Amino acid sequence: MATNAARRLVSLTEAAAYLNVSRMTVSRRVADGTLTGHRLGPQTVRVDLDEVDRVFGLAS
């Protein structure tokens, strides 16, 4: 059985700071399905920084 690698989950605000864009930009990418939002509660959404790197072309 395959195991998932550890995810680097961060808030939308932290992802926005990482990308040097607004929080709304990250929220829009989650809303349109470009990024996967992982809901941890009624108002808590996290994104995986590895996915952010892939989507925005930052992966080396």
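The values are calculated or read from the model by the stated rules, or taken from the named source; none is laboratory data. Small disclaimer: the values here were computed from a predicted structure and weren't measured. Cβ atoms come from the backbone with ideal geometry, glycine included; neighbour counts cover every protein chain shown.
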*asked:* Please count how many residues of region 5-20 are among the aliphatic types (A, V, I, L, M) and in a helix (DSSP H, G or I).
replied: 5
*Only one of (1) at pLDDT below 95; (2) touching a Lys or Arg at 6+ places or on another chain (Cβ under 6 Å); (3) among the aliphatic types (A, V, I, L, M) fails for Leu35. Which number is that?*
(1)
_Tabulated pairs, region 25-44, first β-branched (Val, Ile, Thr), second surrounded by fewer than 13 Cβ atoms within 10 Å (Cβ to Cβ) and in a helix (DSSP H, G or I), C-beta under 7 angstrom, 6+ apart or interchain_ = none
_Search result, residues across region 1-32 that are modelled with pLDDT of 95 or more and among the small types (Gly, Ala, Ser)_ = Ser11, Ala15, Ala16, Ala17, Ser22, Ser27, Ala31
_Can you find, within region 21-60, the residue that is surrounded by the fewest Cβ atoms within 10 Å (Cβ to Cβ) among those that are part of a loop (DSSP other than H, G, I, E, B) and either under 9 Å from the mean Cα position of the chain (by Cα) or of a type in the set (S, T, N, Q) (or both)?_
Ser60
